[in-house]
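Structure, as structure tokens:
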Amino acid sequence: MYVFLDSPLLSFDNQIPSVGFQPKKSSVRGIELISIDRIGNHNNQFDHHPERPHQLKFYNIIYFTGGKSKHLVDFEYFSVKPGTAVYLSKDMVNAFSFTEGMSGYCLIFTQEYLEACFGRISENVSSQLFNHQLYEPVVQIPESTRFVDYMNLIGHELQKDDDPERNFTINSLFSVLLTKVQSLRTSKSLTTQDKSKVKLVAQFSSLIQEEYRQSRNAEFFAKKLLITYKHLNLCCREVLDKTAKQVIDEYVILEAKRRLINTAVQSSEIAFQLGFEEPTNFTKYFKKFTGFTPRQFKLSNAQ
């Protein structure tokens, strides 16, 4: 279930809520299916409204079966309607926007659960599925995929208490569901279908998340990947229609935004956390890409 981890006395000087996850059934560790209705009809059971930005501490696949609305994902709104799936990774900032007739499911699971299923999921799926530099976090699911059936089957299995094969069945259904949708995203989202180049860009993206504090120079990452800068840049252009430097800068700015709205730490300290030697350099860098100073951005997103 959704568990808001922060104090109910929220203010801009504190933090936007971080949302934790605790499975209802201890015997099924790390995965749960809940309805959008249950989140929408919260009846003040949370200290933060689901329609206001909050940061996840788990993974979430939201599948809409009714209604039309929008969903906030990392400071950008995406349209949702029946058949839309929204993929949310740990640490992403998101918010619902409830409308009349909205319905669907949230399949929520921990990083530990996802890693435990890697043996059942192909390398491409496990490394690319929640990589939002490769794909937008939304995808429209054709009815022919029977996506809702897999959701319902997982929910049905989660309700069983006396089936020794339940965990195996849930893990298998989960793996098939992810594999099906990843196939859809791969065929529609990328500008190239060259699997070797997609894999390389996925590795580059993962490396950025690990090493962005060390350098924002594309040549640094090319050396880490044991390839030339020219080849890295070519792959990024073919896969994402972006330069390697653009991919780096987009991630750094996103991480800066997450930290700015979710911490009481001063922007000067965030600058050092992000690898900037001087706070003024961070301010110039942030304003170059957003049009705001870090302080202006914090104030514009005050809760």
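Just so it is clear, none of the values below were taken in a lab; they were calculated from the coordinates. Fair warning: this is a prediction, and the values are worked out from it, not measured in the lab. When we count neighbours, we look across all protein chains shown, and the Cβ atoms used for this are built from the backbone with ideal geometry, even at glycine.
Computed extension length for THR280-LYS57: 77.2 nm, one decimal, from 0.36 nm per residue of separation with the Cα-Cα distance subtracted. In this label model, SER268 and THR169 are separated by 6.0 nm, measuring between points 7 Å along each Cα→Cβ vector. Put the Cα centre of region 266-281 next to the Cα centre of region 217-264 and the gap is 19 Å. Our estimate of slack between GLN209 and ASP37, defined as 0.36 nm per intervening residue step minus the Cα-Cα distance, is 58.5 nm. What FRET efficiency comes out for LYS288 versus SER103 if R0 is 41 angstrom and r is the Cβ-Cβ distance? Round to the nearest 0.05. For LYS288 and SER103, the calculated efficiency is 0.45.
Fully extending the segment from ASP194 to GLN111, taken as 0.36 nm per residue of separation minus the present Cα-Cα distance, adds 27.1 nm.
Taking only the C-alpha atoms of region 195-300, Rg followed by Dmax gives 14.7, 43 Å. Once the C-beta distance of LYS245 and GLN159 is scaled by a Förster radius of 41 Å, the resulting FRET efficiency is 0.25 to the nearest 0.05.
Between ARG29 and ASN131, the C-beta separation translates, for a Förster distance of 35 Å, into a calculated FRET efficiency of about 0.90.
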